[in-house]
Structures are given as C-alpha cells and as structure tokens.
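The values are calculated or read from the model by the stated rules, or taken from the named source; none is laboratory data. Not measured: the values here are computed from a predicted model. In this analysis, Cβ positions are derived from the backbone assuming ideal geometry, glycine residues included, and neighbour counts consider all displayed protein chains.
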Amino acid sequence: MKKKILLIACIGALAAIFLLPFVQSSMGKTDFIREVLAKNDGFATEGSGTTGGAAAVEDNIFRVTNRQEFIAALGNRKNTAPRILMICGTIDFDTDADGKHLTKEDYMAEGYDFQQYLDAHAPHSTAPKSLKEEQEEKRKQSQKNQAKNIMVHVPANTSIIGIEDAKLKGVDLVLDADNIIIRNIMFESPYDDFPSWDPNDGPEGNWNSQYDSITIRGGTHIWIDHCHFEDGTQPTETYFHREYEHRDGLVDITNQADDITMSYNVFERHNKAILIGNSDAKTADDGKLNVTLHHNYFHNLVQRAPRVRFGKVHVYN
C-alpha cells in the first residue's frame, strides 16, 4: 500500500511540474502570452525561430471560451497577421453553432447502418458486394461530417495559450503553416465515431480511426510546450475479435514538417502517441522532420513514444 501511495504522489507531482500555472508567474499575463521560444531550445529555433503570435496587436488577442469563439478568433487560414488565443476552461469541439453537444447520430450520413456495415464486412460474409460498397461510402461520408466539425486549421503566426484550466476536448488541430506556439493546454484526444475495418491490416485485420489531437502536416517552426495529452473515458467495444479503435494519435508529424520543439509535455493513457513520418515511401521527408523532444513525460502508453521515419530527432530529459 505504501508503494502505491508513493507512486500516486510521484505522478501527481510530475503533473504539477509539466502543467505549470503560467499566469501566476512573476512575468504577468501580458508578458506570458507573448513569450517566444528561447534561442537554442531545439530545432524550432532554426532559421527565423518560433515566435507565434507574439507581435499581435491588441485587436488580435482573443479570450476564447467555446468552439465558435475559437474558430472566429483563428479567422481565415490565409490571414497571417499575428494573433493570440487565450483559452479559458473546457472547449468541446463536438458541438454545433449553438453549443449543443453532437453525437454519432448527428454526424451520421443518411442510409448508414452500422449493423449492415458489420454484416457486410464480417469475415466470410455472404452479403452482396454492393451492400459492402454502399455502407463503406456512407461510413466515409459520416466521418467527413465529423471531420468538418473537429478538424481545425491553425494559420501562421498564431499562439494558442491556456490561461484558466484550459482544455481542448475532441479537437484535431491541423498545423500546416509556419510559426505556431501551443502552450499550457490539456488535450482530450478526439473520438472517431466511424472507424473503418481493414481486413488486411495484420493477420486478423484491424479497426482504424482518424484524427489526432495535433496533426503537424507540413508545418514548420512549431513549439508545443507544457501541454497534457490523454484519452477520455468513453467505452471501447470489440467487433470481429478486434478492438473498435476510436482514437488515432496524440501528435503526428508528417508531410515534410520541420523545425519542431516539444517540451515539458505529458503523454499518457493512450495507444499511439507520437508519429514522426507516416510512410516508408515518402522519401521527400528525408532531410526534413527535424524534431526536438525534451523533458516530456511518457506514462502508460502502448507504442510510438515516438515512432520515427526519415527524421532527425533529438530526445533528452
């Protein structure tokens, strides 16, 4: 019992270290939200360095409390004027314009029937090929409906900073631009309502899901600092003797993304944590995917801490 109590105490202490209450520091809130990555702090300091939205004018500093405010504050993804989003409280991205929580049924395409999908894809199924194709197409459309709501592109020169118990729930932040800072935020990984069955994935087939908490897809000069990544508490089902996998990665870095620093983050209670490079065939990634991981805490993960292809990855604690 003493060992168990000591372990819990240690984990709690680590969580306190990795999620610092920045706004209570002596530098003050204004200085804190404009803080940039210090020189020589990993690959994200290469070239022009990483400053995010530090140069934002007052009109481009936003206090954000819900999904609609978050989307509005980011604005057009082609607008590269520096901006700072101050995240307050929990923001659920499975919500509509009125703040109503959206469920699987809300995203479901007309004609999609999960039982028919299972019947058509079951091993040794005798269902007609047309049913399999129809239900797969309906599943894809349902997944696209959810993606429109939870996949959010972050424009260049943006800082997203947690200031008051900040939590982003069910979002997939897509970073395909330059110069972005994300700090002091709890991420609850997105929950794909419509996983796909691949009978050729492994000897027994597997369910596969979309969405990561953060998808760095070609983005450059990215700093992710003092964030906490984990799963929610939704139940997991089993079909065809395989886990019905609702969650993909926590942070994926792909498509020639480059010059990235991830520092003082917590990654826990998840299967696939960090993927750097997503295909052996993407030879254009060679010479890119330069990533620094330092002072991160990995706890109760299954794999990818990290998994790397092509990249040059600097890891230390």
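Laid out as a table, the results:
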quantity: Region 165-183 residues that are free of Cβ contacts under 8 Å to residues at least 60 places away in the same chain and within 20 Å of Cys88 (Cβ to Cβ), paired with ones that are among the hydrophobic types (A, V, I, L, M, F, W, C) and outside any strand (DSSP E or B) (beta carbon under 7 Å, 6 or more apart); calculated: Leu173/Val154; Ile182/Cys227
quantity: Test: residue in region 245-253 that is farther than 17 Å from Arg309 by Cβ, surrounded by fewer than 18 Cβ atoms within 10 Å (Cβ to Cβ) and at pLDDT below 95; calculated: yes
quantity: Number of the condition not met by His314 [criteria: (1) outside any strand (DSSP E or B); (2) more than 18 Å from the chain's Cα centre (by Cα)]; calculated: (1)
quantity: Residues of region 218-261 satisfying the condition of being in a loop (DSSP other than H, G, I, E, B), under 18 Å from Phe187 (Cα atoms) and of a type in the set (Ser, Thr, Tyr); calculated: Thr233
quantity: Filtered residues of region 265-317 (kept if of a type in the set (Val, Ile, Thr) and either surrounded by 18 or more Cβ atoms within 10 Å (Cβ to Cβ) or farther than 12 Å from Leu250 by Cβ (or both)); calculated: Val266, Ile274, Ile276, Thr283, Val291, Thr292, Val308, Val313, Val315
quantity: Single unsatisfied condition, Ala156 versus (1) in a strand (DSSP E or B); (2) surrounded by 21 or more Cβ atoms within 10 Å (Cβ to Cβ); calculated: (1)
quantity: Scope region 116-135; condition part of a helix (DSSP H, G or I), among the hydroxyl-bearing types (Ser, Thr, Tyr) and out of contact with any strand residue (DSSP E or B) (no Cβ under 9 Å at 6 or more places or on another chain); matching residues; calculated: Ser130
quantity: Top-ranked residue in region 228-243 [being without any contact (Cβ under 8 Å) to a residue 60 or more places away in the chain and in contact with a Ser or Thr (Cβ under 9 Å, 6 or more places away or on another chain); ranked as surrounded by the most Cβ atoms within 10 Å (Cβ to Cβ)]; calculated: Phe229
quantity: Selection count, region 166-176, where residues are closer than 26 Å to Lys144 by Cα, crowded, with 22+ Cβ neighbours inside 10 Å and aliphatic (A, V, I, L, M); calculated: 4
quantity: Filtered residue count, region 48-85, keeping only those that are farther than 21 Å from His221 by Cβ and hydroxyl-bearing (Ser, Thr, Tyr); calculated: 1
quantity: Candidates Ile185, Ile160, Ile150, filtered to the one that is within 25 Å of Thr238 (Cβ to Cβ) and within 14 Å of the chain's Cα centre (by Cα); calculated: Ile150
quantity: Odd one out for Thr126, checked against (1) surrounded by 14 or more Cβ atoms within 10 Å (Cβ to Cβ); (2) farther than 30 Å from Ile33 by Cβ; (3) of a type in the set (Val, Ile, Thr); calculated: (1)
